[in-house]
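Novice: My structure is below; once you've seen it, I'll send some questions.
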Amino acid sequence: MLYVGIDIAKEFHVAVVLSQTGEVLSGPFRFENTREGFELLLSKLPTRDPEALLFGYESTAHYGKNLGVFLLAHGFHVGILNPLQTSSLRKTNLRNAKTDSIDALIIAQALSLSLHSMLSNEPLYDALWGLCVTRNNLMTARARAKIQLATYVDQVFPELAAFFKGNLHLATSYALLKVDTTPALISKVRIDTLTKRLSRASRGRYALPQAQTLKTLARSSVGVDNPALTLQIRLAIEQVELYSKQIEATEKQIDDLLLPMESPILTIPGMGHIQAAIILSSLRNIQSFDHPCKVLAFAGLDPVVRQSGNFKARTTRMSKRGNSLLRYALILASHNIVRNNDVFHTYYLKKIKEGKSHYNALSHVAFKLIRVIYKMLNHPELTFSLE
């Protein structure tokens, strides 16, 4: 077996070919991130036998995806390496040097030590994972926009948050701020107009008494009358609403891909579609994990053990050295399942009685959930009852 280590960059990659004995057979050499560059890579190989070659690169950014698809299309085997593992190998070198050529050589050495996981070409899971990441990014961006909006409103109309019971992010408050953004504007608007606006936006929850209270607050407000902040409030609302529309469109596309799969994990009470999509697109082929503990470690939910001689740490923390989005999905799914299933709820209460914190108990529930998911995905023909 020959090992082809590739250091990935945006425009150029560096490759080196290593034999089983550790001898450099070819390279290091550079090639472009183009079809011509990929063909140059193949021309530098001592052989083109797919069974005699193992390509590999680190799972960083997105620059290696096109190369991975190209190699898989040509029948080659491709391994993906965790940067933490290659970094550990690099530190074993006494010389404190880091270059593209050295990195390519270290990646090839890591391949020879079987520290990789195999890359597979699965367009459906790729698309589903991409949508899950996009949704997560949109959720983060919307949360940031909401925080910024609250910052602006606290300067212009600090009493408004209390009027809406601490939640500015309502359709009613947005409808109000789009038109009457400042206390000065609210105090000048006619009471019947303000009442109608609030009632329509809140579907009758806010009426004349609330409109009168709001006008009183506006007249005595200590807010800053700043045209720049007024514009920023309106722009922030537009951003939040745009992100919400994009999140809704993304979730619909996720459902369009997820539901035809008819995965058995969708039958777990409390398992949401988004959590199921993240779990399935992260794990992909469950056969690549020979034990549920490896799924736990892949998500970064495994405990960090500290022991030396007679010393053993009394408490442990989760490693968080894994797929952060999968970890989030498993914890959120566990939270929902605890509320929808007696078995999981009882197990959660048991951990709480043992002195575990809420999130610590949820992490134990997550491992129990992983065992159920592992079983269901390995035996989809079986029907599992969680009652």
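The values are calculated or read from the model by the stated rules, or taken from the named source; none is laboratory data. Values in this document were obtained by computation on a predicted structure and should not be read as measured data. Glycine gets a Cβ as well: all are built from the backbone with ideal geometry, and neighbour counts include every protein chain shown.
Novice: Could you identify the single residue in ALA150, ALA143, ALA175 that is over 27 Å from GLY5 (Cβ atoms) and touching a Leu at 6+ places or on another chain (Cβ under 7 Å)?
Specialist: ALA150
Novice: Is there any pair with a first residue in the stretch 38-56 that is among the charged types (D, E, K, R) and a second that is outside any strand (DSSP E or B) whose Cβ atoms are under 8 Å apart and which are 6 or more apart or on different chains, and what are they?
Specialist: That search, which allows pairs on different chains as well, returns ARG48/LEU42.
Novice: Take the residues in the stretch 158-198 that are basic (Lys, Arg) and in a helix (DSSP H, G or I), then tell me which one is nearest to the chain's Cα centre (by Cα).
Specialist: The qualifying residue nearest to the chain's Cα centre (by Cα) is LYS178.
Novice: What pairs come up if the first residue lies in the stretch 259-287 and is within 17 Å of ARG135 (Cβ to Cβ), the second is of a type in the set (Ser, Thr, Tyr) and surrounded by 15 or more Cβ atoms within 10 Å (Cβ to Cβ), and their beta carbons are under 8 Å apart, counting only those six or more places apart or on different chains?
Specialist: Cβ pairs passing all conditions: ALA276/SER263; LEU280/TYR125; LEU280/SER263; SER281/TYR125.
Novice: Read through the list (1) modelled with pLDDT of 85 or more; (2) assigned by TED's automatic domain parsing to the domain that holds LEU40, then give the number of the only condition that ASN137 fails.
Specialist: For ASN137, the failing item is (2).
Novice: While we're looking at this one, here's another question. Would you point out the residue of the stretch 12-38, among those that are within 22 Å of ALA73 (Cβ to Cβ) and exposed (fewer than 12 other Cβ atoms within 10 Å of the Cβ), that is nearest to the chain's Cα centre (by Cα)?
Specialist: Only one residue fits best here, namely ARG35.
Novice: What are the residue pairs meeting all of these: first residue in the stretch 219-241, first residue under 25 Å from ALA143 (Cβ atoms), second residue aromatic (Phe, Trp, Tyr) and surrounded by 15 or more Cβ atoms within 10 Å (Cβ to Cβ), Cβ atoms under 8 Å, and 6 or more apart or on different chains?
Specialist: GLY223/PHE157; LEU229/TYR152; GLN232/TYR152; ILE233/TYR152; ALA236/TYR152; ILE237/TYR174; VAL240/TYR174; GLU241/TYR174
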